[in-house]
Each structure stands twice: as structure tokens, then as C-alpha cells.
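These notes are about the structure you will find just below.
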Amino acid sequence: MGLQIAGRAVAMLGAGTQGRRLAYMWSSKGRDVNVIDAQERQLTDAVKYIDELRAGSGRSGVKWGNIKTFKAENLKSALQNVWLVVECVPERVELKRKVITQLNELAPEDAIIASNSSSHSISEILEGLNLPNDRRILSAHSYWPPETDAIEIMGHSKTDPELVDFMLRESGEHGFSPFHVKQDSMGYIYNRIWAAIKREALFTAAEGVATPAEIDDIFKNILKTPKGPFEQMDVVGLDVVLDIENHYAEKRKDIPATPREYLKDYIKNGDLGVKSGRGFYDYGQNGTK
């Protein structure tokens, strides 16, 4: 393969919660990161947030990579000298297909193209597209870096195995804990398990068995985790949780509707979790419960 990355940047398409956190991680070894978004405000907020993460990292003397921002209309310029581009756009498969197609047209021939989708496998995203050079396209799904540093690398039937190995190695070098998803899997590894927990927690609350706070409390009491399922859903965003649940329901006919209806009751009131200041819990200006 011989992919040369010296002097080349990583690009993040999408400057939202995940895009800015991933930009922080990929810039941790001095490599430049190009952050791309349609909204100027998102780009400004992303740079500020990355600076805050760096300031709170406790890593003195670290040579961080430069964060460069680009409007989406300048996508071609943003991709000019990158070895990796990761899409972090909303969890809608048609949007992801459109974005992956654009990236495949504009990114350098040897650049790796990765999707950060949390529920759509790269095989599903590529379905029906028939893109040239799709050997360099794969999934690179991460959770909540840097606090949760797991990243799952999953290819499709035509992905070059050397690129998968390369991504596992490079992500490890950049502070991630990489895991190889060896078969096509909706939800990857962890999210398949988390989906069942999340769905049953929503079902339990919807039936009036216990409140979200009570479910979180017993969950943390027994499993000794820092967050319960409802606290975690508030962090992810209830609209995102619903998008993911809708996707599972489309693919698996045994998924019950009650948990999705329960989420919709919150979303229609604008209660999306931490990002809106209120979800299953109320949050202050700094996002503290």
C-alpha cells in the first residue's frame, strides 16, 4: 500500500460534537486537521472547544497540530492534501451517501475515506452507489473522545485489508483504543449491546415501572458505571437516539415502537438533552446536571 502521510492533514466533515472531538484527537501528534462545516458559527465554536480540551488535557509541552477551518462550499480546497477524511454528518443514510460520493470524487486518490456513523455500516451506506476506488472507504466509528477513546474500524467486502490495519495502527498512535469489527455489523460491537440496554430502559420508563432517574440509579448501583442509560442518552442527544432507533426498526421488524414514542414526547417539546439544556434531566449553562 505505502500510504505516505508525512506533511498531510486529516479532515473532519462536520464540526458538531463528534467532529470537534475527533479533530482534537487527530491533532494530538502535531498533525494538522481541516475542519469543514456549512455554518461559520459551528466552525468558530469548534475551534474554541478544541482549545478548551487542549487546555484541560494536562499535557504540557505537547506539539498540537493546527486546526484549519473551511466552509463546506470550499470542500475541494479543504481536501487538497489530506490522507484521511472522516464524515461526521447527521445520522441519515441518504445524506451520508451523498457526502461519501462527494468525498470519493474530491479527496486525493490514495486518501482513506471513513464514516463515523454510529448505526449504519459502511456496506449499507455504499449500497447501490458503485463508486470507483471504493477499496479506500471504511467505517471508523468512535464514541466520546477523549474521555471514551474506543474506536471501531470496519471495512466492507472491497476494502483493502492493509488500509484497515493501517487505520487500526494510526488510531492507536493518536490516543484511541482501536477495535476491529471483523464482519459487517449494524451497530458495530458495543452499540449492538448498548441498543438493547437503551431500548429496554426506555420501555421500562414508558410503562411507568420506574422513572428515568430511578432506572439510572439502580443501573449505576449494580454496574458501578458513572452514568446510567438516560444520562448517557441526554449526552448523545435524544434526536440522535431516535434516529438510531428508527434505523434499527427499519432493519429489524421485531423492534417495539413504545420506546420511540416515549422519545418523541420529549423531542416535540424541544427537550433534546445536554445540548438543549433539558432532556430527561435539566442542565445548567455549562451542561451540568
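The values are calculated or read from the model by the stated rules, or taken from the named source; none is laboratory data. Just so we're clear, the structure is a prediction, and the values are computed from it rather than from any experiment. Ideal geometry is used to build each Cβ from the backbone, glycine not excepted, and the neighbour counts take in all protein chains shown. Accessible surface is based on the protein model in full, side chains and every heavy atom, while ligands, DNA and RNA are left aside. Shrake-Rupley method; radii C 1.70, N 1.55, O 1.52, S 1.80 Å.
Of the residues Leu272, Leu163, ranked by 1.4 Å probe accessible area with the largest first, the sequence reads Leu272, Leu163. Axis of helix 40-55 versus longest Cα principal axis of the chain: the two differ by about 90°, to the nearest ten degrees. Rolling a 1.4 Å probe over the heavy atoms of the protein chains gives the chain an accessible area of 48 Å² per residue. Which one of Ala38, Ala55, Ala107 has the biggest mean-square fluctuation once the chain is modelled by GNM with Cα springs under 10 Å? With Cα springs under 10 Å in the chain, the top fluctuation among Ala38, Ala55, Ala107 is at Ala55. When +1 charges are put on Lys and Arg Cβ atoms and -1 charges on Asp and Glu Cβ atoms, the dipole computed for the chain relative to its Cα centre reaches about 500 debye.
Mean sequence separation of contacting Cα pairs (under 8 Å, at least six apart), scaled by the length of region 190-276, corresponds to a relative contact order of 30 percent. Ordering Tyr262, Tyr24, Tyr190 by accessible surface, largest first, gives Tyr190, Tyr262, Tyr24; the 1.4 Å probe counts only protein heavy atoms, with every chain in place.
Considering only protein heavy atoms and a 1.4 Å probe, what is the carbon-and-sulfur percentage of the accessible area of region 9-180? Walk me through the numbers on the way to the answer.
Working: 3420 of 7360 Å².
About 46 percent, which is the carbon plus sulfur part of the accessible surface.
Heavy-atom accessible area with a 1.4 Å probe sorts Glu109, Glu124, Glu87, largest first, into Glu109, Glu124, Glu87.
Lysine pair count for region 190-276 (Cα-Cα distance under 24 Å; residues 8 or more apart in sequence or on different chains): 14. When both bridge partners sit in the chain, DSSP labels roughly 20% of those beta bridges antiparallel. Compactness ratio for the chain: Cα radius of gyration over 2.2 N^0.38 Å (N = residue count) comes to 1.01. Less than 5 angstrom separates the built amide H of Ser121 from those of Gly187, all sequence-distant by 5 or more or on a different chain. Put simply, the amide H of Val82, placed in the peptide plane, has neighbours under 5 Å in Ala9, leaving out anything fewer than 5 places away on its chain. Taking Ile189, Ile36, Ile222 as the candidate residues, the one with maximal mean-square fluctuation in a Gaussian network model of the chain, Cα springs under 10 Å, is Ile222.
Every helix of 4 or more DSSP H residues in the chain counts as -39500 (n - 2.57), and over all residues that averages to -13000 deg cm²/dmol at 222 nm.
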